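Heads up: the structure comes next, in structure tokens.
Just so it is clear, none of the values below were taken in a lab; they were calculated from the coordinates. Remember, it's a predicted structure, so these values are computed and weren't measured experimentally. No Cβ is skipped: glycine too gets one built from the backbone with ideal geometry, and neighbour counts run over all protein chains shown.
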């Protein structure tokens, strides 16, 4: 049904009616020697997440993502992750070599998804369906950005403009070109398809690599099957078409390069000025053939492929170098064609292609900066708006207007230059005649008239990078870690610019610290601490290259790193560089963040925060611009000092962190709630809790801060440095192993967010997740790989509903098959070890759910844990758990915590425990609370995570224990204790009534009633069982 080649040319993906996606290695396909070598893998992975046939498949331009459309009305997005793949249980397939994992499912269509197309930024994806709709998605979070409606029948194909202005979709009777900026239909093309037969379930339109031609399959004109070629901006059919196939054309794919036709035999070679250059296009048809055309070479095809297939051609793909073509057919076969140099023509050099695109769309430097075709993010703003196309001309006709404006700017600059020269000469003459000092006269002459072209030139060239010959410099007031050019990624919905693929070395060149008025600043700012000269800059690079473990050691070890930096001549600069634990990977020219409407709120619109880092202030320093859009319309904007490195927001506030180490906080209407908050270090991660005023920032030095801006207070200050230390750090026996490289690689922070309970959650590159425990004032690990072979662990993220289960599923996806097999072998040989491992996992999950304050998951794991203890007849642990839920039998202030604090209090501590113990001793009570997350300040709390403990004991725990008849005596004892509790509660309630009546009548209550227990309390005697 579908085929595609990834941009690297290393792998090929196919899909079909077997409900599977197969990833193949291209090396055996291209080399007969590799094909016959059994050591060379042929199939790299099989993806079995679909339950219905898969109709289309496409690699993202970044090569790290893969999208597919299924008959189950879903779009699937896969991600290539590090490590080796594993076998899919029950699939019957061998273990995967590559680790492709389902990243997200796109649900929203009502019927079969027939085609998919990626945007140039590798973030947005277009899908079309039998439900007559086209949807544009944000693949970072699965939100539908826009639904395009206008087709009168099934939408069978979709193609994304390579320059991100338009989106083309095709149905049975029409093709529509949509403007991405506002979702409007630019053109509806019907003429070529009015009499076309409806024979294909999927169509594959395509754009030429220069974006000037849209090729549409399934054309029909005067009894002939055609491929209409639609010219950009005119959108008129009938000007040119490809004719020759005996059946409807179903698939179109352009070669990604431009070629000049090969000289025909006997014809004189053309001169360079007369050489026509054009694109190569492949067409596949229901007549079981494919053809390759070069429209600039004539009206005859270059190649016609017959006899390869027993069914219609469904899809075509070209390799990134333009030398390999693959064709997939309905009979389940894929044909490969390889072309030698010159067979398709002479490839146009890239310099000439850039010149051509500059004539069509503007300066190539502007195009590269705006389009972000390597993942820079320029085209990633929403659906492609004005900000996204600031460096591109939408049509060639606009180039004349730009040239006219540029000529005006240059003319004004020449006039200003002459005025300044005349003023300087006059000043020199006055100085020689004894007038005003030369410096003052020159200044006055320069100030006679401001340069006329400053404002317009600044607007016209805002997106222009500095001249390539100008050496980059580091701003004097820059703060922490050096940042290289932007890499791939950066997307909607991410809390900061994307973290993958940061190109270039971190930090600026040695000796570039300080401000240099003779050189313009670098376009990509170098974020470094304020400090000395060249030696300091070199130290910064060395510190960044050392990795997170060395940085974490320096942060945890104190002044050792600082002393070393001073000895090296860098002052405190080396210590500051070594303290960079969570570096900002890239500063993007454009990126954005979506704030989604809360459930139950009016409307379903989305608010989008955009950051533009292309501007500079009057002194040449980086400056950022913030825009807030609602429904595509500008809501508010602001300018900030320094480049914006992270964005976050909720329906109550918006926040932006800058490279200068500042934090800007705004209300929903764009009002500055605080002056710039000085953090000192830029924020690598910034996240806001939905529907609240909580904001969490993780700075590059590893410090973490949680604020409640509604109350104007800081709730938490901590650090992730302990989380980034390698295993065995500080242990002499393991320190040598770490130095020898025997330990795992350095850990990195991959995600930071606020849990539903308002606690910070940090996820590392090994998928381990940590939540901050407020009561213990430390980090607790709620998800790790300590139980690789447990039956209670799943790697199906789609089946995970709770916060804990999702975190553990992410860890399970990274399990190595060797760990699973090795642990399973140990458990099979030693059943006692297996049983204790299962108990440990259940205890871990129960405590982790309490730490995450996830009530539904905590109750689920409590039931599972009780069942396990009852089945294993582990009476000791069972009695300990029952004692914790039952609590003391009589209420006193020393034994009971306030009910309000019982639902997961973060308070308590040593002082509270000591005072409670003293109170218990003074009252003669001997009850000692069981250790656990529900104990607050050493006193028993009757409620945990909103559940009444005794009700849980009566209705859940005892019911599960009673299944094992060997525990009949235990169940009877507990029921008897509960009866005493109920009787004591009834007596306490009756004793409380006179006390309340006395207060209502103005009579002082008796002194003995000062410690009347609340309803549900019982005696303070410890529970005795057995």
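Modelled spin labels at residue 184 and residue 413, positioned 7 Å past Cα toward Cβ, are 3.5 nm from each other. Taking the number of Cβ atoms within 10 Å of each Cβ as an exposure proxy, the fewest-first ranking of 843, 803 is 843, 803. Rg over Rh for the stretch 67-188 works out to 1.04, using Cα positions for both radii and the Kirkwood form for Rh.
Going highest first, how would you order 689-700, 3-14 by mean Cβ packing within 10 Å? Please list the in-between numbers first.
Numbers: 689-700: 22.4, 3-14: 20.4.
Result, highest mean Cβ count within 10 Å first: 689-700, 3-14.
Determine, for 864, 188, the number of other Cβ atoms within 10 Å of each Cβ, and report the residues in order from fewest to most. Kindly include the intermediate steps, with their values, before the conclusion.
On the way: 864 17, 188 12.
Listed from fewest to most nearby Cβ atoms, that is 188, 864.
Efficiency by 1/(1 + (r/R0)^6): what FRET value for residue 40 and residue 143, r their Cβ-Cβ distance, R0 = 35 Å, to the nearest 0.05? Result of the calculation: an efficiency of 0.25. Summary of packing: across the peptides 701-712, 249-260, the per-residue average of other C-beta atoms within 10 Å ranks them, highest first, as 249-260, 701-712.
If R0 is 30 Å, the Cβ-Cβ spacing of residue 785 and residue 93 corresponds to a FRET efficiency of close to 0.80. Each pair of Cα atoms in the stretch 785-869 enters the Kirkwood radius, and Stokes-Einstein at 20 °C and 1.002 mPa s then converts it into a translational diffusion coefficient of 161 µm²/s. Full extension of the chain between residue 877 and residue 992 gives 37.7 nm of extra length, using 0.36 nm per residue less the Cα-Cα distance.
For the residues 135, 806, what sequence is obtained by ranking on other C-beta atoms within 10 Å, fewest first? Show your work: numbers first, answer last.
Details: 135 23, 806 14.
Ranked by crowding around the Cβ, least crowded first: 806, 135.
Relative contact order for the stretch 785-869: what percent, with Cα pairs under 8 Å and sequence separation of 6 or more?
Working: 69 pairs, mean separation 25.1, N = 85.
Once normalised by length, the contact order is 30 percent.
Spin-label model, residue 777/residue 32: points 7 Å from Cα along the beta carbon direction are separated by 7.5 nm. Highest mean packing comes first when the peptides 201-212, 659-670, 826-837, 233-244 are listed by Cβ atoms within 10 Å, giving 201-212, 659-670, 233-244, 826-837. Summarising the label geometry, the points placed 7 Å from Cα in the beta-carbon direction at residue 821 and residue 356 lie 5.3 nm from one another.
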